Each structure stands twice: as C-alpha cells, then as structure tokens.
Amino acid sequence: MKQQDYLNKVKEYQVLKLYLSRSKAGVVSLKTLDETTVAKATGCGYDKAGKCFLSLFENLGFNALNTCYTKFDLFDYSIESGNQFLKENNINYKIFYKSEINNNVSFIELSKIN
C-alpha cells in the first residue's frame with residue numbers, strides 16, 4: 001500500500017500507535033506498529049523527530065505551517081504539556097501514552113478527539 005493511501009486510511013482511526021526510530025545513518029522514521037512509514041526525515045543539523053510529527057499532522061489534514069517544526073517533537077513534552085500544545089494548534093489528537101525504550105526507539109499512542 002502506498003504511503004498516501006495508508007495516510008488516507010489512518011485519518012479514520014481513533015487511535016494511532018506509532019514508534020519513532022533513529023538509524024545510525026541519521027534517518028528518523030515515524031512508523032506504525034505494522035512497520036508502515038508515515039513520515040521520514042533525513043539530513044543533519046535539525047530536529048528530525050519534530051519534522052516527522054509535523055509531516056504526519058500535515059498529511060492528516062491539519063494546517064500547521066505557522067508553527068516551527070522544532071516544537072512538534074512530542075517526546076520533548078510531558079503528556080499534559082504535549083496535549084496542550086496539540087490543542088493550541090487545533091490538532092484534534094491527544095497523547096495517551098509515550099515511552100522511550102532507548103536512544104533509538106520511542107513509542108507514542110495518540111487518540112483522536114471527536
């Protein structure tokens with residue numbers, strides 16, 4: 001399934017269970033638990049995790065162009081302040097759970113707010 005087709009399907013989900021992986025080559029990928037990549041950032045010198053989350057939310061149809069991508073790294077926030085950030089940016093998801101396994105893998109569960 002193509003990434004855009006998958007993202008169109010994801011828009012209907014109430015819960016997104018995702019993980020962020022970092023490769024030794026510097027590639028950061030945001031993937032679903034079934035290994036489908038929903039966002040990817042490469043290069044050096046910037047917050048790739050924030051760029052992945054910004055790309056995810058833009059692909060889900062949220063207008064976040066006026067917000068700097070560095071603020072979108074949801075792992076930099078506590079759950080409460082991350083949810084406040086999402087609310088302030090009119091993104092109808094909330095962080096239900098997040099965990100960092102190690103420096104290379106982080107999990108997050110986002111719930112859609114109706």
Note down the nm distance, to one decimal, between modelled labels 7 Å out along Cα→Cβ at THR42 and at GLU109.
-> 3.3 nm
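Quickly estimate the mean residue ellipticity at 222 nm for the chain, helices only: each DSSP H run with n ≥ 4 gives -39500 (n - 2.57), and the total goes over all residues, rounded to 500.
Working: 3 runs with 30 residues, N = 114.
Computed ellipticity for the chain at 222 nm equals -7500 deg cm²/dmol.
Of the chain, which part is the longest with no chymotrypsin sites (Phe, Trp or Tyr not before Pro) in a loop (DSSP not H, G, I, E, B) and with at most 15 other C-beta atoms within 10 angstrom? Write out the running numbers ahead of the final one.
Numbers: sites that count: TYR13, TYR46.
The segment 47-114 is the longest one with no such site.
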Projected area averaged over all directions for the convex hull of the alpha carbon atoms of the chain, nm², comes out at 6.9 nm²
So, relative contact order of the chain in percent, Cα under 8 Å, 6 or more apart, is 26 percent
Roughly speaking, what is the stretch gain from ASN102 to GLU35, that is 0.36 nm per residue apart minus the C-alpha to C-alpha distance, in nm to one decimal?
-> 22.3 nm
Once the Cβ-Cβ distance between LYS87 and GLU58 is put in as r, and R0 is 22 Å, what FRET efficiency do you end up with, to the nearest 0.05?
-> 0.80
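Values in this text are rule-based calculations from the coordinates and carry no lab data. Note that the structure is a prediction, hence the values are computed from the model and not measured. All Cβ positions, glycine included, derive from the backbone under ideal geometry; neighbour counts span all protein chains shown.
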